[in-house]
Amino acid sequence: MVPFDFTSIAAQPWFQAWQRAAADSMAAAARDPRVMRLGAGLLRSQLLWGRALQNAWQASWAPIDALADPE
Amino acid sequence: MQTHNEWRTLGLQLADTMDTLVAHGARTRLHAQAAFARLLHGKGPIDFVTGPATPYRVLEDWPLARLLNFPSAKPGAGKPLLIVASLINRYYVMDLLPELSVIALLNRRGFDVYVLDWKSPGPDGPDLGFADYVDGVIPTAAKLVAARHAAGLPAVIGYCMGGTLSVMFAARHADKLRALILLGTPVEFRLSGELYNLTDRRRFDADLLMDVLGNMPPFMMQSGFKLLNPFDAVNKLVSLVRDAGDGERVRHFVALESWLDDNVAFPGGVYREYIRALYQDDLLCKRTMRIAGTPVDLGKLVAPLLNVIALRDHICAPPASRALMPLVGSKEKEAMEFDTGHIGLTTSRRSLAELWPRIADWMEQRW
């Protein structure tokens, strides 16, 4: 016995049409220049924060490095 | 002592370990999803699908790659063939399942197959460059393979980014290969489609990314590929649940998706070069590409060339591959176009039945 026959829903033309429409609209949204600019800006700000933290971390070791290696 | 650098090394090593764990986790998750989908159809779970399907011997274990050998079905008579996979992917997309294996097919056709299985770059990644691969690992492997065979120089198959590396290798080391076969290989990157738009220099700063991350982790690479088709994850789940009654389809699904989640990090130094020189400046097709200070002249690529182009390739759009043909110096060159997608070149049943016998025929004529 098949407890749940998803095939009957997934094979329906209306369901497949919905899938296509959803895929097309999501792809269009992802490729919208404004969305790409926003995504790139968010990534960039995150990376700049990351680099600033890394630099601060590196600088915080400077006295210890200088003590360990007087050269 | 540079203690902060040791922390960075430790971080990059940890990232590699995490990537391995993520790959194993993904394989387990996919089996669980498949088992649930099968349950909805009143069927039991499939047998566990492991990674590579064909047994192999490890000939060399270098820091950047392992050289694997899949011996021909006709011992001693094998024609050597070296496969260069994309730097970020595991090679076994060409060996997913016993019944769906390009490598097994090539073995049956009498080729002794050698594969460069890339390893995670770890703390060395940020200092690596194209030279380490194009003038280092690939020619060393080709020389080693040639030395093992009376049949002489190997033919080289490059897939995706592995194809781009192979093009540069063939242009710089023309005496180390018999023929070059490219699969879904971008050369004129401005024609490669959405990935080109994603890496547009006005928005995308590869140097900043690598300054922070060291190497490009697989999850970041994956997010870029997922942006090409953001609804794909839902479509795949719907297909899985709908088709779960067919055990063979489920095995194929789990094998392919597990491979997609099994990646190695992109070495940071190579990533900088790849994005800047190829995606953003398109230097290869402008004939101004340089590696370690010396030019990569595509006119010096004189080996017989077979350029296999997937007509529905969304990672390397067909024009990006076709652009290679007029640039090379090869007298024998052929572009073979096939109606499939980027991964379908090696994983679809139709490609195995119709495309690969033609590729094998072309290669046999080169000996």
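Any read-out appearing in this document is the output of simple, stated calculations on the displayed coordinates, not a laboratory observation. Just so we're clear, the structure is a prediction, and the values are computed from it rather than from any experiment. FYI the Cβ positions are ideal-geometry reconstructions off the backbone, even for glycines, and counts take in every protein chain you see.
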Take the residues in the range B:31-75 that are under 26 Å from the mean Cα position of the chain (by Cα) and among the aromatic types (F, W, Y); name whichever of them is nearest to the other protein chains (Cβ to nearest Cβ). B:F48
What single numbered condition from (1) small (G, A, S); (2) in contact with a Leu (Cβ under 8 Å, 6 or more places away or on another chain); (3) within 13 Å of chain A (Cβ to nearest Cβ) fails to hold for B:A255? (3)
Residues of the range B:105-152 satisfying the condition of being over 28 Å from B:A73 (Cβ atoms) and acidic (D, E): B:D124, B:D127, B:D132, B:D135
I'd like the residue in the range B:217-238 that is aliphatic (A, V, I, L, M) and at the interface with chain A (Cβ under 9 Å from one of its Cβ atoms) and, out of all such residues, is surrounded by the fewest Cβ atoms within 10 Å (Cβ to Cβ). B:V234
If only one of B:T346, B:T340, B:T288 is polar (S, T, N, Q), in contact with a Leu (Cβ under 8 Å, 6 or more places away or on another chain) and part of a loop (DSSP other than H, G, I, E, B), which one is it? B:T340
Determine, yes or no, whether A:L47 is surrounded by fewer than 11 Cβ atoms within 10 Å (Cβ to Cβ) and within 18 Å of B:S223 (Cα to Cα). no
